[in-house]
1. Under 6 Å between Cβ atoms, at least 6 apart or on separate chains: pull out the pairs that start in segment 56-78 with a residue that is farther than 10 Å from residue 43 by Cα and of a type outside the set (Phe, Trp, Tyr) and end on any residue that is modelled with pLDDT of 95 or more and in a loop (DSSP other than H, G, I, E, B).
2. In segment 43-74, how many are surrounded by fewer than 19 Cβ atoms within 10 Å (Cβ to Cβ) and either of a type in the set (S, T, N, Q) or assigned to a strand (DSSP E or B) (or both)?
3. Which condition breaks for residue 77 when tested against (1) surrounded by 13 or more Cβ atoms within 10 Å (Cβ to Cβ); (2) touching a Pro at 6+ places or on another chain (Cβ under 9 Å)?
Amino acid sequence: MKITVAALTEPGSTVVNKTGGWRTFVPVVNHKRCIKCSLCEIYCPEGCIHQIDGLFVPDLDYCKGCGVCAHECPRKAIEMVLEEK
């Protein structure tokens, strides 16, 4: 019997499936407070925060609302807000 161990090697396990529809909280970035350290992009477990025109923006189609980006932001420039649907 062969046992296969599966492991994630990169962030972004939801790249093929849009999972943003089931989250409760959504990250809101205060770009005036942002120092562009890119920690939100680095620590996002889904790899859905990208730098666009010098601003860090979450791709809400794939964001699960976990809050890791907000937790890791040293300037508290990201706030997790209850999403209205």
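1. 75/33; 75/35; 77/30; 77/33; 77/34
2. Counting residues in segment 43-74 that are surrounded by fewer than 19 Cβ atoms within 10 Å (Cβ to Cβ) and either of a type in the set (S, T, N, Q) or assigned to a strand (DSSP E or B) (or both) gives 5.
3. Single failed check for residue 77: (2).
The values are calculated or read from the model by the stated rules, or taken from the named source; none is laboratory data. Remember, predicted model here, so these are calculated numbers, not experimental data. Because the Cβ atoms are built from the backbone with ideal geometry, glycine has one as well, and the counts that use them run over all protein chains shown.
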